[in-house]
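All remarks here apply to the structure that follows.
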Amino acid sequence: MREAIKMVVFDMAGTTVNEDNIVYKTLQQAINQVGGYQLTLTEVLEHGAGKEKLQAIKTVLKSCLDLTDDQLAERMFQSFLNLLERAYEVADIYPSSHANELFTSLKEMNILRVLNTGYDRKTAESLLKKLNWVVGADIDALITASDVPNNRPYPDMIDRARENFAITDPAQVVKVGDSIIDIQEGQNAGCALSIGITTGAHHADQLKSANPDYVIDDLLEILPIIEKYNIPSQVL
């Protein structure tokens, strides 16, 4: 008999955080300004969404321009960090629709709420501050790209979250995210469910290409999915 879900790991931007794609607009700006290119936001989202941001730049350059240049990518990354810090200082950033309600419901169900992200810790914590989300109250943990050796689609961030709460079985974890690489991360971690959501970087058809267990349009759709999954574990 399978075990009940104990933890849900959520991506941040585009999944639980509504920041109007500031991060990818800024990534596009840095790549184009430093390199003198004219890449579109659609191209940046398609190839860079969900990834650690230096890796995202390298992937965009390779996929869109057939270019491999680590020094150029590093210059773009440093420009991106500077531009993003300024952008976030003035930007309006909100919880995604129904995020707070979902976090409250999961807490009532004794299910841990973890955020993970392709951001570094400094950037992620600045977002939490703007949202007035407190680790230990509104969410249970934050795991960032700078906390682990390998980033998405590797399972390191989910593995770290499990270790923090002594969850030995990844089949007690659900992963939710708005990009293909979020789904791949959950699959590589052995999560019970890997769920795509259409509120961010990738649309439904793109998400379905990664063979998720579900594609949803609203965070609250997660609750009946978990309740349905947990039914066998409640049968004696």
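Summary table
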read-out: Residue in the stretch 194-226 that is least open to solvent (accessible area, probe 1.4 Å), counting only those that are farther than 26 Å from Ala4 by Cα and of a type in the set (A, V, I, L, M, F, W, C); value: Ala201
read-out: Of all residues making up the stretch 23-33, the number that are surrounded by fewer than 18 Cβ atoms within 10 Å (Cβ to Cβ) and of a type in the set (A, V, I, L, M); value: 0
read-out: Selected residue (only one of Lys53, Lys62 is of a type outside the set (Phe, Trp, Tyr), modelled with pLDDT under 95 and out of contact with any Lys or Arg (no Cβ under 6 Å at 6 or more places or on another chain)); value: Lys53
read-out: Qualifying residues in the stretch 134-160 (those that are outside any loop (DSSP other than H, G, I, E, B) and aliphatic (A, V, I, L, M)) - the one most open to solvent (accessible area, probe 1.4 Å); value: Val135
read-out: Filter result (without any contact (Cβ under 8 Å) to a residue 40 or more places away in the chain and open to solvent by less than 60 Å² (accessible area, probe 1.4 Å)) within the stretch 82-119; value: Phe103
read-out: Criterion violated by Thr123 - all others in (1) over 15 Å from Gly50 (Cβ atoms); (2) buried (at least 21 other Cβ atoms within 10 Å of the Cβ); (3) among the hydroxyl-bearing types (Ser, Thr, Tyr) satisfied; value: (1)
read-out: Single condition Thr168 does not satisfy, out of (1) crowded, with 22+ Cβ neighbours inside 10 Å; (2) modelled with pLDDT of 95 or more; (3) over 25 Å from Thr104 (Cβ atoms); value: (1)
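The values are calculated or read from the model by the stated rules, or taken from the named source; none is laboratory data. Quick caveat: nothing in here was measured; it's all calculated off a predicted structure. Don't worry about glycine lacking a Cβ; one is built from the backbone with ideal geometry, like all the others, and counts go over all protein chains shown. These accessible areas exclude ligands, DNA and RNA; they are computed on the full protein's heavy atoms, side chains included. Shrake-Rupley method; radii C 1.70, N 1.55, O 1.52, S 1.80 Å.
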